[in-house]
Amino acid sequence: MPTLRPPRLPSTAGTALLAVVGGLCLAASVPPWGWWPLAFVGVAVWDRLLAGSTPRARFLRSWLLGVCWLGPAMLWMVDLTAPGYPIAVAVFGAYVGVAGLAVPGRDHRSWVRWLAVPGAFTLAEAARWTFPFGGVPLATTAMSQAAAPLGQIARVLCAIGVVFFVGVGGVALSAAWERRWAWAGGAATAVVLAAVVGTVAPAGHDVGRIEVALVQGGGEQGTRADETNPREVFERHLEASRRVVPPVDLVLWPENVVDVEGPVSSRREGRELSELARSLETVLVAGVTEGEGPDSFVNASVVYLPDGTETVRYEKVRRVPFGEYVPLRGLIEGLARDAGLPERDARAGAGPAVLDTPVGRLGVSISWEIFFTNRGREASLHGSQILLNPTNGSSYWLTQVQTQQVASSRLRAIESGRWVLQAAPTGFSAVVDPDGRVRARTAISETAVIQDVVALREGDTIATVIGPLPVIVLSGLTVAVAWLLVWRRSRADGFRPVGPAGPEEPRAA
């Protein structure tokens, strides 16, 4: 029988081109493009780049793939911090580079490499979601699957588990490329089974239904706070609220469309919010920014009762680095004084991510927080019955942040088994059900009200109970086992070096 060998990688220029293609596949898999099958192709290309390569080549190829993935998919960052954008892309690309080093590419047994690929890829994503400054979990492979069958895995293993099984799917394609049909079939079967388990796993249960209204005031996309009269933004939302059709139990306003100095209760806007809640006989949750002097402000969701009383509030805990605060401000300002950095830092809140109201216990993830599993999970662990995402993406150009935020709301809904209500001043506002389906969504810049009946829910998902740590531990173990097998093989071979392509492959029977 002839030897079954996959085609070898091309020259150095060819491998560079292949890395570019793999990165672009990963970029195209995430919103706003959302061609989710390409995520598996991107990981498979990465695995082919690692096969038989030296550590230096594994790092450089992986770094290039990471840059070509995150460069287009994080283009929104140019608007936030133009100098920081290329730095962030290069640094986060290096995370993929380190992941490439974590895979034993020079072992001639492909299956040893395939043990490590999903885990190494997952650890790189987990690191990017965490470091530095709390992480930047945008353009993630989990987002790419939010609208796909694989997204249901988040109900059991959180969003990071979705990443792991994207890695397994990539291994299935790479094994098929090598004509290792047993490995290809086994990996593909694992992906399908994981998606099925996620679909049928416990997701909580309904305990009541409420009528909700999400208010989007509209206005031009791509405008900054310092270029906009805050009173005009407020009045647009007051005007849009006239479209709400009573009776309604809960009205949600977007993040920081109420922008005042000092406590909102002492301002004209506070009185008008009280009157709005009273006139609609509803619970109103409004996004309020309160200046606290020349150096700080607070970003909060404030509750107004049907009688107009201002009651509880949630203050945003996880802030946007370089958007709501400047890490290492003294150093950064000296290096980039004219880079459009915020003049004041948001003060981080400290309370649990829930609001107790007459219509139920409301979980809250303000804007940036919706991208992080643990913020929504904290709300669920504190008994939230629904999850609110008041946000503000009006300053960003393009629609990358907005579409990726909707994808994140879908993942949080699946993880928690809760409805998610996302309200934005210029879009997208959306209603997402516990299966991650978008029930309604506005367009960019339009003035609109989404009014719908949603369920209050109780009961924990497996993801809520276990959190993301088990998948991270599993990922580390798979990488460690792969290297242990390499070490044992080296000992068995008497520490003979293995060439870049490895010894001769055994012939097929």
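Count the net charge of all other residues whose Cβ sits under 10 Å from the Cβ of residue 368, scoring Lys and Arg as +1 and Asp and Glu as -1. Net charge in that neighbourhood comes out at +1. Roughly how tilted is helix 12-29, in degrees to the nearest 10 and between 0 and 90, from the longest Cα axis of the chain? Here the helix axis deviates by roughly 30 degrees. For the stretch 267-331, divide the Cα radius of gyration by the Kirkwood radius and give the resulting Rg/Rh value with two decimals. Ratio value, two decimals: 1.12. Among the chymotrypsin sites (Phe, Trp or Tyr not before Pro) in the stretch 424-499, those placed in a DSSP loop whose Cβ has at most 11 other Cβ atoms within 10 Å are 495. Arranged from fewest to most other beta-carbon atoms within 10 Å of their beta carbon, 77, 143 become 77, 143. Assuming a ≥ b ≥ c are the square roots of the Cα gyration tensor eigenvalues, decide whether the stretch 26-173 counts as rounded (a/c under 1.5), prolate (otherwise, with a/b larger than b/c) or oblate. Since a/c reaches 1.5 but b/c is at least a/b, the shape of the stretch 26-173 is classed as oblate. Each other residue within a Cβ distance under 9 Å of residue 450 adds +1 if Lys or Arg and -1 if Asp or Glu, for a net charge of +1. Sites listed here are chymotrypsin sites (Phe, Trp or Tyr not before Pro) in the stretch 144-191 whose DSSP assignment is loop and whose Cβ has at most 10 other Cβ atoms within 10 Å, and the list is empty. Rounded to the nearest Hz, the phi-derived 3J(HN,Hα) couplings of the stretch 237-254 under the Karplus curve 6.51 cos²θ - 1.76 cosθ + 1.60 (θ = phi - 60°) are 7, 4, 5, 5, 5, 5, 7, 5, 9, x, x, 9, 8, 9, 10, 10, 9, x, where x marks glycine and proline. In terms of its Cα atoms, the chain spans 82, 53, 34 Å along the principal axes, sorted from long to short.
Take 101-111, 410-420 and order them by the average number of nearby Cβ atoms within 10 Å per residue, most first; the result is 410-420, 101-111.
I need the shape label for the stretch 443-490. Rule: rounded when a/c is under 1.5, else prolate if a/b > b/c, else oblate, with a, b, c from the alpha carbon gyration tensor. Oblate, since a/c reaches 1.5 and b/c is not below a/b. Using the Karplus relation 6.51 cos²θ - 1.76 cosθ + 1.60 with θ = phi - 60°, the per-residue 3J(HN,Hα) values for the stretch 50-60 come to 7, 4, x, 9, 6, x, 4, 5, 4, 5, 5 Hz, with x marking Gly and Pro.
Relative to its Kirkwood radius, the Cα radius of gyration of the stretch 131-280 gives an Rg/Rh of 1.18. The C-alpha atoms of the chain define a longest principal axis, and helix 110-128 lies at about 20 degrees to it.
Label-to-label distance, residue 82 versus residue 445, with points set 7 angstrom from Cα along the beta-carbon direction: 2.2 nm. Shape call for the stretch 192-346 from the C-alpha gyration tensor, a ≥ b ≥ c root eigenvalues: rounded (a/c under 1.5), prolate (a/b greater than b/c) or oblate? Verdict is oblate for the stretch 192-346. Rounded to the nearest Hz, the phi-derived 3J(HN,Hα) couplings of the stretch 169-186 under the Karplus curve 6.51 cos²θ - 1.76 cosθ + 1.60 (θ = phi - 60°) are x, x, 4, 4, 5, 5, 5, 5, 4, 7, 6, 8, 5, 5, 5, 4, x, x, where x marks glycine and proline. Less than 5 angstrom separates the built amide H of residue 439 from those of 431, 432, 433, all sequence-distant by 5 or more or on a different chain. Other residues within the sphere of radius under 15 Å centred on the Cβ of residue 94, judged by their own Cβ, net out at +3 (K and R +1, D and E -1). Pairs of Cα atoms nearer than 8 Å and 6+ residues apart set the relative contact order; for the stretch 296-424 it is 21 percent. Put the Cα centre of the stretch 107-129 next to the Cα centre of the stretch 13-43 and the gap is 17 Å.
Over the chain, Cα pairs under 8 Å with separation of 6+ residues give a relative contact order of 19 percent.
None of the figures in this text is laboratory data; all of them are computed from the coordinates on show. All values reported here derive from a predicted model rather than from experimental measurement. Cβ: placed from backbone, ideal geometry, glycine included. Neighbour counts: every protein chain shown.
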